[in-house]
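Reviewing the structure listed below.
Values quoted throughout were computed directly from the atomic coordinates according to the rules given, and no laboratory measurement underlies them. Small disclaimer: the values here were computed from a predicted structure and weren't measured. Heads up, the Cβs are rebuilt from the backbone with ideal geometry, glycines too, and the neighbour counts pull from every protein chain shown.
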Amino acid sequence: MTDPGLPPAHTPFITLEGVEGCGKSTQARLLADCLTAHRHTVDQTREPGGTPLAEAIRNLVLSGGDDPMPPESELLLYLAARRDHVVRRIQPALAAGKWVICDRFSDATIAYQAFGRKLDRSWVERLTGEAAGIVPHLTLWLDLPIKTGLQRVAERGDANRFDQEKIPFHERVRAGYNHLAAHYPDRIVTVDARGCVAQVHQQIVNVINQHLSHYLNDPLSALAIE
């Protein structure tokens, strides 16, 4: 299994991945703020979402309901959202010289639909690669024990359809991310998400300074977080 190649851009495409409750959204925002403070132009986005069509699909697949959709339908909806997102937002942002930071991308599809839902992995990988057309320069995998993540979600009180899945599903998803990290060590960097927000942010800043230094105006300094 090989990555299809990096996007032709002068600025990097960074994704954050992980299981429910790992803090991706918070860390994506902090990284965007940190880069902005260091005079970089940033487009922070998310998946599914990022465009009007993709956000509508997000509401559909995450809202749940009494009539569960087939896993194949779920997969194809995600891929439709991704294609629209890539063509209408991610690629234009990179072409405009912006850093793109995305909360989830193609790795999530492999972890959740191939490993979590147990769909045929080769089929999911092929469709995922075709829908995306690009691969991130760097992926930050915020690794966290499942029970810790779900406890955080419960404390927030905003569980979606995936949060409500049983423990074995989430364990398969985490195993999927572990599989991907082992296969793409040059792209996927594991971040220990068990610490507080400030500790995780510092780890991420260290990773950016180490792996993407040639894109930086100067080394990043972590934001002061109370």
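When the chain is treated as a GNM with alpha-carbon contacts under 10 Å, the residue of Leu138, Leu94, Leu212 showing the greatest mean-square fluctuation is Leu212. Using a cut-off of under 16 Å, list every residue of segment 114-140 whose amide N is near the label point 7 Å from the Cα of Arg88 along the Cα-to-beta-carbon line. Once the point is set 7 Å along Cα→Cβ of Arg88, 132 turn out to lie under 16 Å by backbone N, inside segment 114-140. Shown here for segment 14-53: trypsin sites (Lys or Arg not before Pro) in loop regions (DSSP other than H, G, I, E, B) with at most 15 other Cβ atoms within 10 Å, namely Arg39. Pairs to check: Lys118/Lys147; Lys98/Lys147; Lys24/Lys166. Give those whose C-alpha atoms are more than 30 Å from each other in this structure. Listed pairs above 30 Å: Lys98/Lys147. Among the trypsin sites (Lys or Arg not before Pro) found in segment 109-173, those both in a DSSP coil and sparsely packed, with 13 or fewer other Cβ atoms within 10 Å of their Cβ, are Lys118, Lys166.
As a calculated quantity, the FRET efficiency between Ala80 and Glu226 at R0 = 41 Å, using C-beta atoms, amounts to about 0.50. Here the spin labels are modelled as points 7 Å beyond Cα on the Cα-Cβ line, and at Thr26 and Ala96 they lie 3.0 nm apart. Residues Thr15, Thr26 in ascending order of nearby Cβ atoms (within 10 Å, fewest first): Thr26, Thr15. Placing unit charges on the Cβ atoms of the charged side chains and taking the dipole of segment 13-215 about its Cα centre, the candidate lying farthest along the positive direction among Pro185, Thr45, Val207 is Val207. Using Cβ point charges alone (K and R +1, D and E -1), the dipole size of segment 13-215 about the Cα centre works out to roughly 300 debye. Using C-alpha pairs under 8 Å with a sequence gap of at least 6, the mean separation divided by the residue count of segment 13-215 gives a relative contact order of 32 percent. Modelled spin labels at Asp218 and Val197, positioned 7 Å past Cα toward Cβ, are 2.6 nm from each other.
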